[in-house]
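Please read the structure below before turning to the comments.
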Amino acid sequence: MKPPTAAQRRIIEAADPRTGRLSGTEAQLQALVRARLAFRHPRPPHACFLTPAGHRVRDEAAAPASPSPEPPPAPPAASGVFAARTGTETERTGAEGPARVREVRSAWEGLVELRRMTNPDAARDRPCAWERTHLVQAAALALEAAGCRPADPGRPGYRVSPTPQPEAVAVREPTPEGIRACAVALERAGWQTSEHAEPRGGGRYVLASPRRV
């Protein structure tokens, strides 16, 4: 694969830091898609997003300026850009009702297409590299796309949080039925899960990791 041009690098470096969404002329975006540094979302408005290769180009460019570990992403803001709901947000943001259902369905279809494009065997039922570098967001999208309900201020639901373990997130839900529903949803989305007891309090949670085979 040819290295990106200086103009392409500028577009990649200017991508949304949370979603990888790109801005540029149609010709510039199409060139990035041909170079497999970006993919086009299948739903209107057919926005372009960085592929894992594109993320690597951006990360390599940023490495000299940020030698320390990257801090966890901030809670999604009402920016108009889709963000999966982790259940840890301090306030409700974005669309609700049928509009949110459409957003989630479109985002999930885009992620499945990204799996097809970037997994070596074009598998759609197994998480891709992007999901392994965005564990919390990927797990949250899988849960919301399956119809599980994220927690909101004043409303119970699932909560997805990082863990010290590599490639693993913790999913908590206040009821045993909710815990099981989250585990089933993640397994259907290509994750492997196991249920564990909380160190204190007697509650339980699901530990989930992207399946590799």
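Just to be sure I understand, how many residues within the stretch 176-213 are in contact (Cβ under 8 Å) with a residue 40 or more places away in the chain and in a strand (DSSP E or B)? Before the answer, list the steps.
Applying the first criterion (in contact (Cβ under 8 Å) with a residue 40 or more places away in the chain) to the stretch 176-213 yields 185-186, 188-191, 207-213.
Cutting the leftovers down to in a strand (DSSP E or B) gives us 191, 207-210.
Of the residues in the stretch 176-213, 5 are in contact (Cβ under 8 Å) with a residue 40 or more places away in the chain and in a strand (DSSP E or B).
Taken over the stretch 50-59, the criterion of being closer than 11 Å to W130 by Cα and either open to solvent by less than 80 Å² (accessible area, probe 1.4 Å) or in contact (Cβ under 8 Å) with a residue 40 or more places away in the chain (or both) is satisfied by L50, T51, P52, A53, G54, H55.
Please specify each residue of the stretch 152-175 satisfying the condition of being in a loop (DSSP other than H, G, I, E, B), open to solvent by less than 30 Å² (accessible area, probe 1.4 Å) and more than 25 Å from G20 (Cα to Cα). G157 - this is the single residue of the stretch 152-175 that is in a loop (DSSP other than H, G, I, E, B), open to solvent by less than 30 Å² (accessible area, probe 1.4 Å) and more than 25 Å from G20 (Cα to Cα). The set of residues in the stretch 92-137 being in a loop (DSSP other than H, G, I, E, B) and in contact with a strand residue (DSSP E or B) (Cβ under 9 Å, 6 or more places away or on another chain) consists of R92, R126, P127, C128. Return yes or no: is A74 modelled with pLDDT of 85 or more, assigned to a loop (DSSP other than H, G, I, E, B) and out of contact with any Ser or Thr (no Cβ under 6 Å at 6 or more places or on another chain)? So A74 does not fit the description; no.
Check E103, E113 and return the single one that is touching a Lys or Arg at 6+ places or on another chain (Cβ under 9 Å) and at pLDDT below 95.
On the way: E103 fails: touching a Lys or Arg at 6+ places or on another chain (Cβ under 9 Å).
Going through E103, E113 in turn, just one is touching a Lys or Arg at 6+ places or on another chain (Cβ under 9 Å) and at pLDDT below 95: E113.
Contact annotation: residue pairs with Cβ atoms under 8 Å, 6 or more positions apart or on different chains, pairing a residue in the stretch 1-25 that is modelled with pLDDT under 85 with a partner that is basic (K, R) and open to solvent by 20 Å² or more (accessible area, probe 1.4 Å), are M1/R36.
If only residues of the stretch 189-213 that are within 20 Å of the chain's Cα centre (by Cα) and either among the β-branched types (V, I, T) or loosely packed, with under 12 Cβ neighbours inside 10 Å (or both) are counted, the one that is farthest from A151 (Cα to Cα) is V213.
Residue-level check: of (1) free of Cβ contacts under 8 Å to residues at least 40 places away in the same chain; (2) touching an Asp or Glu at 6+ places or on another chain (Cβ under 7 Å); (3) not aromatic (F, W, Y), P150 misses just (1). Has the stretch 122-129 got any residue that is surrounded by fewer than 13 Cβ atoms within 10 Å (Cβ to Cβ), modelled with pLDDT of 85 or more, under 28 Å from R188 (Cβ atoms) and touching a Gly at 6+ places or on another chain (Cβ under 8 Å)? Taking every residue of the stretch 122-129 in turn, at least one turns out to be surrounded by fewer than 13 Cβ atoms within 10 Å (Cβ to Cβ), modelled with pLDDT of 85 or more, under 28 Å from R188 (Cβ atoms) and touching a Gly at 6+ places or on another chain (Cβ under 8 Å). Residues in the stretch 1-42 that are in a loop (DSSP other than H, G, I, E, B), more than 23 Å from the chain's Cα centre (by Cα) and either exposed (fewer than 14 other Cβ atoms within 10 Å of the Cβ) or among the hydroxyl-bearing types (S, T, Y) (or both): M1, K2, P3, T5, T25.
Would you mind stating whether G80 is surrounded by 16 or more Cβ atoms within 10 Å (Cβ to Cβ) and either of a type in the set (D, E) or at pLDDT below 90 (or both)?
Details: surrounded by 16 or more Cβ atoms within 10 Å (Cβ to Cβ): no; either of a type in the set (D, E) or at pLDDT below 90 (or both): yes.
Against the criterion (surrounded by 16 or more Cβ atoms within 10 Å (Cβ to Cβ) and either of a type in the set (D, E) or at pLDDT below 90 (or both)), G80 does not qualify.
Out of curiosity, is E144 in contact with a Pro (Cβ under 9 Å, 6 or more places away or on another chain), open to solvent by less than 30 Å² (accessible area, probe 1.4 Å) and of a type in the set (D, E, K, R)?
Values: in contact with a Pro (Cβ under 9 Å, 6 or more places away or on another chain): yes; open to solvent by less than 30 Å² (accessible area, probe 1.4 Å): yes; of a type in the set (D, E, K, R): yes.
Here the answer is yes, as E144 does meet what is asked.
Screening the stretch 108-120 for residues that are open to solvent by 20 Å² or more (accessible area, probe 1.4 Å) and of a type outside the set (S, T, Y) and picking the one that is nearest to A146 (Cα to Cα) gives W108.
The values are calculated or read from the model by the stated rules, or taken from the named source; none is laboratory data. Source: prediction; values computed, not measured. Counting neighbours? That spans all protein chains shown, and the Cβs are built from the backbone with ideal geometry, glycine included. To get the accessible areas, we keep the full protein, side chains included, count just its heavy atoms, and leave off ligands, DNA and RNA. Shrake-Rupley method; radii C 1.70, N 1.55, O 1.52, S 1.80 Å.
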